[in-house]
Amino acid sequence: MLYPLTFKPIFKEILWGGTDIPPYKGLPPDARKIGESWELSHVEQNFSVVDNGSLKGKTIDELIRTYEAQLLGTKVFRRSGHTFPLLIKFIDARDNLSVQVHPNDELAGKRHNSLGKTEMWYVVKAAPDAILYSGFSQQMDAGEYVRRVENNTIMDVLKCYHVKPGDVFFLPAGRVHAIGAGCFIAEIQQTSNITYRIYDYNRKDSGGNERELHTEPAKDAIDYTLYPDYKTSYTPHENEAVELVKCNYFTTNLLKINETKLRDYSSLDSFVVYICMKGKALIKDDKNNELPVGRGQTVLIPADTKSITIETEQDSEFLETYISDKHPL
């Protein structure tokens, strides 16, 4: 019988990483530069491993091959097959990340036999001067983009945002973006590792070499549409699910709760991922399973779960993500 599942985090030591992820998750300090924690991953060579209950030690790959639609949902399994369609991460940037863009499904399939990457950011913490870049600040075309990369002025035409906790950015495939120093972010994305690096501040590695840029591949992947704003606006409400992002690849809601909350998934036909951003709670499902969760934990609720009850010990905050055109009650 399936039950709410937790997984061992996969820490990524990266040059620009910091030390905030382990303590945020309630784990012992780690002196390494942990830039990312892959909370739930089905990327090759990075399969998440169950960390609780009778299935402890099983990989997400083994679970999907054993339980299929029971875990994923009938429609999700029909579309994704034996692939978990989302990658869940925490990102701790002590330095600026490179400017990037991701191809859409069509281009990624043609070039890499892979899915594209649409994603979203939820800002967990931010230094006073922390910034993010999302989209262009003026009308661009492919030729102008290439010229600005070559003459080091590409940063002048990116939309810059000073960020604070709770800020949300939706990043459909094709949108140019970058995470700035001082940002601690929860990221929800398609299961894809295809990234085109556009600009890296002319940084050099220990051997004096600049990192490879993907100027030409990125040129065809970029969406040059100019939008007035790239930040997601929403109004949080206590004890109600507030929709942050709804797209073909996932729907993500914010739940800020200070009382017991029932979530009815009987008509959803999808797995549900909970990321605990704040507080402590007890998750109980309709099969009499119970799971205590705390800040920094990610939980996978199988698709055959009809409902869960969240009992809070204190003010708690969750990101709730699933793949469905319906909403829980």
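Cβ-Cβ under 6 Å, sequence separation 6+ or interchain: first residue in the range 24-39 and without any contact (Cβ under 8 Å) to a residue 24 or more places away in the chain, partner open to solvent by 40 Å² or more (accessible area, probe 1.4 Å) and in a strand (DSSP E or B). Which pairs?
Arg32/Glu13
For a quick check of your reading of the model, give me the residue pairs whose first member lies in the range 251-273 and is at positive phi and surrounded by fewer than 21 Cβ atoms within 10 Å (Cβ to Cβ), whose second is among the hydroxyl-bearing types (Ser, Thr, Tyr) and not in a loop (DSSP other than H, G, I, E, B), with beta-carbon atoms closer than 9 Å and at least 6 apart or on different chains.
What qualifies is Asp269/Thr74.
In the range 241-268, which residues are farther than 22 Å from Ala69 by Cβ, out of contact with any Ser or Thr (no Cβ under 6 Å at 6 or more places or on another chain) and part of a strand (DSSP E or B)?
Hits for the range 241-268 are Ala241, Val242, Glu243, Lys246, Asn253, Leu254, Leu255, Lys256, Lys261.
Restricting to the range 299-313, and then to whatever is touching a residue at least 40 places away in the same chain (Cβ under 8 Å) and open to solvent by 10 Å² or more (accessible area, probe 1.4 Å), can you tell me which residue is farthest from Leu255 (Cα to Cα)?
It comes out as Asp304.
Looking only at residues that are open to solvent by 30 Å² or more (accessible area, probe 1.4 Å) and of a type in the set (D, E, K, R) in the range 104-143, which one is farthest from the chain's Cα centre (by Cα)?
Per the stated criteria, the residue is Asp141.
How many residues are in contact with a helix residue (DSSP H, G or I) (Cβ under 8 Å, 6 or more places away or on another chain) and of a type in the set (Val, Ile, Thr) if we restrict to the range 177-197?
The total comes to 1.
Note down all Cβ pairs under 8 Å where the first residue falls in the range 68-79 and is within 15 Å of Lys326 (Cβ to Cβ), the second is assigned to a helix (DSSP H, G or I), and they're at least six residues apart or on different chains.
These pairs meet every condition: Val76/Ala69.
Do we find a residue being of a type in the set (Phe, Trp, Tyr) and either closer than 30 Å to Lys261 by Cα or open to solvent by 70 Å² or more (accessible area, probe 1.4 Å) (or both) anywhere in the range 218-226?
For the range 218-226, residues of a type in the set (Phe, Trp, Tyr) and either closer than 30 Å to Lys261 by Cα or open to solvent by 70 Å² or more (accessible area, probe 1.4 Å) (or both): absent.
The values are calculated or read from the model by the stated rules, or taken from the named source; none is laboratory data. Keep in mind it's a predicted model, so treat the numbers as computed, not measured. Note that we place each Cβ from the backbone using ideal geometry, even for glycine, and neighbour counts take in every protein chain shown. Just so you know, the surface numbers come from the protein's heavy atoms only, side chains and all, with ligands and any DNA or RNA stripped out. Shrake-Rupley method; radii C 1.70, N 1.55, O 1.52, S 1.80 Å.
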